[in-house]
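The block underneath contains the structure these notes are about, expressed in C-alpha cells.
All of the numbers you see were taken from the coordinates with simple rules; none came from a lab. Quantities reported herein were computed from a predicted structural model and do not represent experimental measurements. Glycine gets a Cβ as well: all are built from the backbone with ideal geometry, and neighbour counts include every protein chain shown.
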Amino acid sequence: DQIAAFSDSDGDSIKFLLTACGDLSYFVNGEQVLHHIRMLEVDVQDGRTLHLLGAPVGMYKPKRMTTVPEDQIAQVGKIEALFRMRIKVEPVYQFFNNVDNSFSYHMGEPREHETQVGLQFYAFPEHTSGTVGIYPYEDDVTNEIRFHDG
C-alpha cells in the first residue's frame with residue numbers, strides 16, 4: 001500500500017491510500033470517506049485545492065474537496081502520482097427507465113423510449129464482488145448495495 005497524507009487547512013488529518021489491488025481511497029481523521037476515486041482535479045489557480053469524485057462510504061457525498069496547506073504542497077504531486085497508478089473503474093452497465101416503468105440496462109446513451117435513472121453497476125477487478133450505486137443526481141447518493149458474485 002502507498003500513502004500520501006497531510007493536515008488540511010481546517011486541521012483535519014487527510015490520507016490518500018492506494019492499495020496493492022489499485023483502489024485509491026480518501027480518509028478524513030482516520031475515517032474512510034471515498035473509495036475507487038475516479039476523478040482528481042487540482043485547482044489551477046492555487047495548485048493546492050483538490051476536487052475528488054469517487055464511490056462514497058456510508059452517507060458521504062461522492063464529490064469532495066480538500067486544500068493542502070502551502071507548507072505541505074509536495075503532497076499534491078504525490079497524490080496525483082497515486083491517482084495515475086490506480087486501476088480505473090468505470091460503469092459496466094447503466095440502468096434506464098422505460099415508458100412502461102420497466103428497467104433496462106446497457107452502456108451508452110438512453111434510447112428513444114428510455115430515461116436514465118442514474119443506477120450504475122460497477123465490477124471491481126480486485127475480486128468478484130461489486131457495487132451497485134444508486135445515483136439519481138451526481139451530488140446526491142441515496143444508496144449503495146454491495147453484493148458478492150459466487
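Values computed for the structure shown
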{"read-out": "For Ser13, net neighbour charge (Lys/Arg +1, Asp/Glu -1) across residues whose Cβ lies under 15 Å away", "value": "-2"}
{"read-out": "Where N is the number of residues in the stretch 2-85, Cα Rg divided by 2.2 N^0.38 Å", "value": "0.98"}
{"read-out": "Computed lengthening from Asp12 to Asp46, 0.36 nm per intervening residue step minus Cα-Cα distance", "value": "10.3 nm"}
{"read-out": "Computed label-point distance, nm, for sites Met85 and Asn29 using a 7 Å Cα→Cβ extension", "value": "2.9 nm"}
